[in-house]
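One structure coming up, written as structure tokens, with questions to follow.
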Amino acid sequence: MADEPSVVLVVDDSEARRYILASWLRRAGHRVAEAATGAAALAQLRDADLVVLDVRLPDISGIEVCERIKADPQTAAIPVIQVSATAVAVADRARGLGQGADAYLAEPIEPEVFLATVTAALRYYQARHRAEQAATRLAALTRVTLAINA
């Protein structure tokens, strides 16, 4: 996981914003998938290591998309960074974070801050993934040890 480039799903109905965010991510060494709607994002989640999600989408709100991601046990661990050019008040950001977003960035977004936020979210995701793998191996070892000693 750490040896491969991370896959970041960029979800925004603005083609220009998707292009900008995707170009920053690609220059930083990430692979990028793109979606213009919430439904398209939900269909592409299985391959993503992180989601950058606009709050205002044409079909489903970004907050609802985030809630669905976090409600599904298969995708709940995927970090979500919400971004918005319109929902920038403190209450908007607090709501996004309260509904499951791992970070919330208000536009204009500086490339350095954006990439640092992506790196931090991925670092947590990768550490959690390693911990889950270690727990799985430990559980298997425990079962084998108990079977041998039975």
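The values are calculated or read from the model by the stated rules, or taken from the named source; none is laboratory data. If you're wondering where the values come from, they're calculated on a predicted model, not measured in any experiment. Ideal geometry is used to build each Cβ from the backbone, glycine not excepted, and the neighbour counts take in all protein chains shown.
On the given criteria, is Gly96 farther than 21 Å from Pro5 by Cβ and either touching a Gly at 6+ places or on another chain (Cβ under 9 Å) or part of a strand (DSSP E or B) (or both)?
Yes.
Output the number of residues of the stretch 46-77 satisfying the condition of being assigned to a helix (DSSP H, G or I), without any contact (Cβ under 8 Å) to a residue 40 or more places away in the chain and in contact with a helix residue (DSSP H, G or I) (Cβ under 9 Å, 6 or more places away or on another chain).
To start, the set of residues in the stretch 46-77 that are assigned to a helix (DSSP H, G or I) comprises 46-47, 62-71.
Now restrict to residues that are without any contact (Cβ under 8 Å) to a residue 40 or more places away in the chain: 46, 63-64, 66-71.
From the residues that got through so far, the ones that are in contact with a helix residue (DSSP H, G or I) (Cβ under 9 Å, 6 or more places away or on another chain) too are 63-64, 66, 68-69.
Number of matching residues: 5.
Exactly one of (1) outside any loop (DSSP other than H, G, I, E, B); (2) surrounded by 11 or more Cβ atoms within 10 Å (Cβ to Cβ) is unmet by Glu112. Its number?
It is condition (2) that Glu112 fails.
Here's a follow-up. Suppose we filter the stretch 100-145 for residues that are in contact (Cβ under 8 Å) with a residue 12 or more places away in the chain and touching a strand residue (DSSP E or B) at 6+ places or on another chain (Cβ under 9 Å); how many remain?
The total comes to 16.
Go through Ala41, Ala28, Ala94 for me and flag whichever is among the small types (Gly, Ala, Ser) and exposed (fewer than 14 other Cβ atoms within 10 Å of the Cβ). Step through it out loud before you land on a result.
Values: Ala41 fails: exposed (fewer than 14 other Cβ atoms within 10 Å of the Cβ); Ala28 fails: exposed (fewer than 14 other Cβ atoms within 10 Å of the Cβ).
Exactly one residue qualifies, and that residue is Ala94.
Would you mind finding the one in Ile148, Ile63, Ile81 that is of a type in the set (Val, Ile, Thr), surrounded by 13 or more Cβ atoms within 10 Å (Cβ to Cβ) and out of contact with any strand residue (DSSP E or B) (no Cβ under 6 Å at 6 or more places or on another chain)?
Values: Ile148 fails: surrounded by 13 or more Cβ atoms within 10 Å (Cβ to Cβ); Ile81 fails: out of contact with any strand residue (DSSP E or B) (no Cβ under 6 Å at 6 or more places or on another chain).
Every option except Ile63 fails the conditions.
Take the residues of the stretch 115-145 that are β-branched (Val, Ile, Thr) and surrounded by fewer than 16 Cβ atoms within 10 Å (Cβ to Cβ): which is nearest to the chain's Cα centre (by Cα)?
Thr119
Considering only residues that are closer than 20 Å to Ile69 by Cα and more than 14 Å from the chain's Cα centre (by Cα), look in the stretch 88-105 and name the one that is modelled with the lowest pLDDT.
In this case the residue turns out to be Asp92.
Could you check the stretch 1-56 and list, in sequence order, the residues that are closer than 16 Å to Pro111 by Cα and among the hydroxyl-bearing types (Ser, Thr, Tyr)?
Tyr19, Ser23, listed by residue number.
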